[in-house]
Amino acid sequence: MQSASFFNTDIQFLKGVGPKRAGALNLLGIHTYHDLLHFYPRRYLDRTKMKSIGALIEGETATVVGEIRQIRLDGNQWKNPRLIVSLFDKSGRVDLVWFQGAKYIMKKFKEGDALAAWGKVGRFGSLFQITHPEIDILRGKREPDEEEDEAVSDYDQFNTGKIIPLYPSSEEFKKVGFTPRSFRKIVSNFLELALPLVEENFTKSLLEQYHLMPFSKALAAIHQPQSTSELAEAKLRLKWNELFFLQLFFALRNVSYHREKHSFACENIAHFTNELHKALPFELTNAQKRVIKEIRADMKTGMQMNRLIQGDVGSGKTIVAAFAMAIALDNHLQCAFMAPTEILATQHYLTLRRILEPLGVSISLLIGKQKKSTREEILYNLQSGATQIAVGTHALLEDGVKFSSLGLVIIDEQHRFGVLQRKALQDKSNSGKSPHILLMTATPIPRTLTMTVFGDLDTSIINELPKDRKPILTKLVSESQRARVYQTLRDEIAAGRQAYLVYPLVDESEKIDLAAAIKEYDSLKDTLFAGIPVGLIHGQLSPAEKDEVMQAFRSGMIKILFGTTVIEVGVDVSNATVMVIEHAERFGLSQLHQLRGRIGRGHAQSYCYLVYSQKLTNEARERLKAMEDTSDGFKISEIDAKLRGAGNIMGTEQSGALSLLRMTDLNADGELLQEARESAFKLIQRDPELLLPENARIKSYFQNAFKTSFSLINIG
Ligand code: ADP
Ligand code: MG
């Protein structure tokens, strides 16, 4: 295909670019013609959307365009001067103010420059001002290499009603040696060449059904919109492009699991499953029953299961995993169960032994730093098949770990692992068949994000807590109220309960924070909590030490566990009913939710106190308020995604697919995503290998343009 090779051309060969400027464009992520075509403007200046300065209202966020009449530094010249730039249009004056970097920023401006400024409008006396606005200079002095007629300024164009695309901020451009204008020039020359070669990549029926603009027209309009309505249509079409092809990718993968990956047909339900059922000390929730049925149906087929279980903290995922293992055991297969921390792996090991050993199952634990002889024995028994279940950390992935018939891989707290680790574990099967895969996550993520990041997986949701649970009472308290909090804590201990006291140590290598936590522990244990058995756990302890502390807490010997975030995931001690989180403002929302999930795991009332020690920013207050208001993990993750952006609540390992979505806003475009997904999956259902002539364009576009992009989301 001729146009494919054109779009794969290295950007340095574009007229006006060359090797040096290509280096600069690479920094912006532009390597090929394709990349440039899809390097969309960041914002647009549109006169119809602009406020005239005289009509500004205090408190609103607005874009204004005007001319710089005065630039001055104010305040202490040497230490911390303030920069004030006065911008005028026909209707009035607004001052742009910078408190930081004044002298540096000042160099960018000249009196007489036209400037677009965007930000929140404030007031200083009778004058409007915008503090730290985002800015674009529309008319600097002419570049040395510009011809006279190119120097028609954006400002003039803007005044004649054109919509002006703004690419990266002048700041970013400066770093790479472009001016906004020289970049726009390159783009517009490029579009003349490129647009005629852009082929339609959707079917006619897709375009008609969703009233979509042709692809080339959308690309033209996104770079050089003629009107706001055209721009809106272009955005819609390009969002569809992103979402549809991503979902097509997932649809193809999903089909390949089901059609091609041969796995074990686990048809038998016998001793282990039946006995496990009989031995349960509680009744399964309906959600648990439903998910176990879904797993059973997957494992029966002989095609590989690839299922993600999302369940809120405390919803009872472990027992669901135990059923999946029992099914594997009933079919003479081994299981590997991987957890992200030693504490959690050890806990799962103990739980599984408690419920499965009486049924005659042999289980072993593999973590780092085990005695050599112990380890060798474990490995031997796994390879011979004498051990049926291996529970462990990353240690399971090491080369020496071999199975005789691995049929099921379970990964708990899956978001802590990367794709490659999943694949490494899956490859441990030496039978030529792929083991079934069950992923579990207690970090519920919004549905839109699930469809984007785990779009190829079948998902199950446990959306129900065991019946005996009471909602946790959560309270936001300031440091000054700490004494009252400690009183409640002591009351609960007196009533036979246990408690967690958590200190922020987001990164276990932060020595200063750790020292602070240890100091608190040392002073409290002999004063306020004198006479109460307390323990301390953190990441710097050896596995054996951690184990000892956790064992003592689990058995009830320790009443108050002081700890860092090492206790964040998975720890399950149902007698613990109080959690005090110190410096709660320093934790992210999802992390707080995980931590809080350590209590409220039994039938007693539980209490969570979020103690803050600084004046709260608005964002922090909103975050902590959300914790008070809801304990629904899905709601919390939606709020988190809004506050921090979807990419930030996923690990970098899993954000590959997100980086493909430049136009789409997952918070706003959920419906579109759903439609695109349905269309893509339907298409693949009808034509799994895209062989029908009507799908030829979709296929060739998918294969060409998305080849490089999709290497970002190698899902193993
Ligand atoms: P998570 O989903 O957070 O991993 P766990 O699997 O650790 O939750 O289960 C939390 C606690 O709830 C455990 O102590 C477990 O024994 C208990 N549990 C699980 N299912 C039920 C149920 N259906 N009824 C009562 N308690 C249950
Ligand atoms: Mg768990």
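Nothing in this text is a laboratory measurement; each read-out follows from the coordinates by a stated rule. On a predicted model such as this, the values are computed, not experimentally measured, just so you know. All Cβ positions, glycine included, derive from the backbone under ideal geometry; neighbour counts span all protein chains shown.
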Order by protection proxy (mean Cβ within 10 Å, highest first), peptides 596-609, 665-678: 596-609, 665-678
For peptides 44-54, 381-391, 402-412, sequence by mean Cβ density within 10 Å, most packed first: 402-412, 381-391, 44-54
Vicinal HN-Hα couplings computed from phi for the stretch 85-93 (Karplus, 6.51 cos²θ - 1.76 cosθ + 1.60; Hz; Gly/Pro x): 10, 8, 10, 10, 10, 4, 9, x, 10
Estimated FRET transfer efficiency when R0 is 41 angstrom, pair L473-N8 (beta carbons, to 0.05): 0.10
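For a footprinting-style exposure proxy, rank L561, L37 by other Cβ within 10 Å, fewest first.
Lowest count first: L37, L561.
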Shape call, the stretch 339-415: gyration tensor on alpha carbons, a/c limit 1.5: rounded
Under Karplus coefficients 6.51, -1.76 and 1.60, residue-wise ³J(HN,Hα) of the stretch 185-198 in Hz, glycine/proline x: 5, 4, 4, 6, 4, 5, 4, 4, 6, 7, 4, x, 8, 6
Virtual spin-label span in nm between E694 and F634, 7 Å along Cα→Cβ: 3.5 nm
Nearest 10 degrees, 0 to 90: helix 543-554 Cα axis against the chain principal axis: 70 degrees
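Would you mind telling me the antiparallel percentage of the DSSP bridges in the chain, rounded to 5?
Antiparallel bridges: around 40 percent, rounded to the nearest 5.
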Potential lengthening between S126 and M557 on full extension [0.36 nm per residue; Cα-Cα distance subtracted]: 148.5 nm
Full-extension gain in nm, K107 to T61, via 0.36 nm per residue minus C-alpha separation: 14.0 nm
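L476: net charge of surrounding residues, Cβ under 15 Å, Lys/Arg +1, Asp/Glu -1, itself excluded?
On the way: positive: K475, R482, R484, R586, R596, K615, R621, R623, K625; negative: E479, E582, E585, E619, E622, E628, D629.
Summing Lys/Arg as +1 and Asp/Glu as -1 gives +2.
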Residue exposure sequence - I445, I698 - by fewest surrounding Cβ within 10 Å: I698, I445
Sorted peptide list for 238-245, 454-461, 524-531, criterion being average Cβ within 10 angstrom, highest first: 238-245, 454-461, 524-531
Nearby lysines by direct alpha-carbon distance to K261 (threshold 20 angstrom, same-chain neighbours under 8 apart not counted): K300, K423, K428, K433
The chain: calculated mean residue ellipticity at 222 nm from DSSP helix runs of at least 4, using -39500 (n - 2.57): -12000 deg cm²/dmol
Sequence-distant residues sharing a close amide H with M579 (under 5 Å, placed H): Y500, Y607, C608, Y609
Cα centroid of the stretch 86-121 to Cα centroid of the stretch 446-520, whole Å: 46 Å
Built amide H within the under 5 Å cut-off of Q304, gap 5+: K261, S263
Amide proton proximity set for T32, modelled H, under 5 Å, gap of 5+: I11
3J(HN,Hα) from dihedral phi, the stretch 386-399, Karplus parametrisation 6.51/-1.76/1.60, rounded to Hz, x for glycine, proline: 5, 8, 9, 10, 10, 9, x, 9, 3, 4, 5, 7, 4, 4
Extended-chain gain in nm, criterion 0.36 nm per residue less alpha-carbon gap, D399 and E377: 6.4 nm
Computed label-point distance, nm, for sites A668 and R47 using a 7 Å Cα→Cβ extension: 2.5 nm
Reach of K642 by Cα under 23 Å, taken over lysines that are not fewer than 8 positions away in the same chain: K120, K235, K239, K475, K615, K625
Distance from the stretch 1-58 to the stretch 252-272 (C-alpha centre basis), Å: 46 Å
Tensor-based shape of the chain (alpha-carbon gyration tensor, a/c under 1.5 rounded, otherwise prolate or oblate): oblate
Rough spin-label spacing in nm, given labels placed 7 Å along Cα→Cβ, for L359 and A297: 2.2 nm
